[in-house]
Amino acid sequence: MTKKLSIIASGLLLSTSMAFAADSIDEAFKGGKVSGSLDAYYSSTDTEGAADSAYASTGVSFAFETDSYMGLTGKIGVVAASDIYEKEDGDSSDLADNAILSEANITFTTEGLSLTTGRQAVGLEWIGDYHEAVSASVTAIPNTTLTLLYTDKSAVAGVDEISSEFADVNGTKGAYVADAMISPVEGIDLNPYFYSIPDVADFYGMKASYSADMISASAQYAASSEDVSATDDGSILALDIGTEIEGLSLTAGYIKTDKDCGIGSIANLGDSISPFDNGATTYGTDAKTVYGSLGYSIAGVDLGLLYGETKYESDYKEKELNVSLGYAITETLSASLLYAKVNLD
């Protein structure tokens, strides 16, 4: 059984911007926008039968983005953090470095197209964090946004974890993504996608989402075609439904993976389906997960409760409880707390 407590406090450092396009390069820099945050983080893990761990860290992030000049904008961002307490040596090993240049890119935007090259934040269904990449966003098709991306390096940057450097994605072969967001009618979104990790796997999927005044639902299926002969193809099915009434939100969900290979290589670049803080077996072989969550907001306080059970490899179970609390102290200062309890066979 594992118990984990995480506390994070975050404050907005600075944010200024100008809303118009610049007439010169000098004006593009003068009219740019600056943003940043100051963060404090604490995490403690109590594991039965193993050594406990805890650490605290402080961090700062800073980014500057120029105004647009002839369709071009530039952005640079830095994330820095340092541990200020360790219960035992090595507890803060996720902070592999004290600072990293997380963003450094140039974007060209014209009607129906935006093209970005360099270090950038990525947030798609099966890929996240920061990447050295080339990405294009195409909006020329009505009610559709098509994202095309190639990445060859990636890194994590935050107050709780910083990579030592941008590391190769799939050796020197990188990975390719095609992701479409289609909104045929109000309240319905369709998200088909295709990922290719050369010599590892190709995988594809579809997510359909529906939202109305009091109800929301989504269904997603993804399957892989593995290139390595010793690895079976993987798959995952995820369903959820929720409602919100006067600040109270309720959600129930079900996740199922392939009985022979789990999800294969689908989560190699990141994931977003598992709702748990830990969820160690959610993507495992023959895993069936059911979960429910409750959320309530009042007077700037956000309360959350999540409980789920995963049955995996026929005879084993994982049970996880997440309790969260968030509070907006001011418009630019917030704090959050997460308690996670995990029982794992």
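The values are calculated or read from the model by the stated rules, or taken from the named source; none is laboratory data. These numbers come from a predicted model, not from an experiment. We place every Cβ from the backbone using ideal geometry, glycine too, and count neighbours over all the protein chains shown. To get the accessible areas, we keep the full protein, side chains included, count just its heavy atoms, and leave off ligands, DNA and RNA. Shrake-Rupley method; radii C 1.70, N 1.55, O 1.52, S 1.80 Å.
Counting only protein heavy atoms and using a 1.4 Å probe, what share of the accessible area of the chain belongs to carbon plus sulfur, as a whole percent?
56 percent
Skip the ligands, DNA and RNA, and give the accessible area per residue of segment 201-345 with a 1.4 Å probe, whole Å².
I get 54 Å² per residue for this part.
Work out how much length Asp97 to Thr332 would gain on full extension: take 0.36 nm times their residue separation and subtract the Cα-Cα distance, in nm to one decimal.
Computed gain between Asp97 and Thr332 is 81.9 nm.
Where is the GNM fluctuation largest for the chain (alpha-carbon springs, 10 angstrom cutoff): Thr332, Thr257, Thr117?
For the chain, modelled as a Gaussian network with Cα springs under 10 Å, the answer is Thr332.
Might you tell me the accessible area per residue for segment 114-192, computed with a 1.4 Å probe and given in Å²?
On a per-residue basis, 47 Å².
What's the extension gain from Lys256 to Ala21 if we count 0.36 nm per residue and subtract their Cα-Cα distance?
On the way: separation 235, 0.36 × 235 = 84.60 nm, distance 4.84 nm.
Length gained, Lys256 through Ala21: 79.8 nm.
In nanometres, what is the gap between the two model label sites at Leu344 and Leu115, each 7 Å from Cα along Cα-to-Cβ?
4.5 nm
Mind scanning Lys207/Lys288; Lys30/Lys153; Lys256/Lys317; Lys173/Lys256 and naming the pairs with a C-alpha gap bigger than 21 Å?
Lys30/Lys153; Lys173/Lys256
Convert each backbone phi in segment 93-109 into a coupling constant with the Karplus relation 6.51 cos²θ - 1.76 cosθ + 1.60 (shift: θ = phi - 60°), then list the ³J(HN,Hα) values in order as whole Hz, x for Gly and Pro.
The phi angles translate into 5, 5, 7, 5, 9, 8, 7, 8, 7, 7, 9, 7, 8, 10, 10, 10, 10 Hz.
For the chain, with a Gaussian network of springs between Cα atoms less than 10 Å apart, report the residue from Gly31, Gly112, Gly59 with the top mean-square fluctuation.
Taking springs between Cα atoms under 10 Å, the residue moving most is Gly112.
Using a 1.4 angstrom probe on the protein heavy atoms only, could you order Glu111, Glu125, Glu313 from most to least accessible area?
From most accessible down to least: Glu111, Glu313, Glu125.
Would you look at the GNM of the chain, springs on alpha carbons closer than 10 Å, and say which of Ala63, Ala140, Ala155 moves the most?
In the Gaussian network model the winner is Ala140.
Under a point spin-label approximation (7 Å from Cα along Cα-to-Cβ), what is the Met214-Ile298 distance to one decimal in nm?
The two pseudo-label positions are separated by 2.1 nm.
Would you work out the relative contact order for the chain, in percent, from Cα pairs under 8 angstrom that are 6 or more residues apart?
The normalised contact order for the chain reaches 12 percent.
Would you kindly derive the ³J(HN,Hα) couplings of segment 126-133 from the backbone phi angles with the Karplus curve 6.51 cos²θ - 1.76 cosθ + 1.60 (θ = phi - 60°), listing them in order in whole Hz, with x for Gly and Pro?
Result, ordered by residue: 10, 8, x, 6, 10, 9, 7, 8 Hz.
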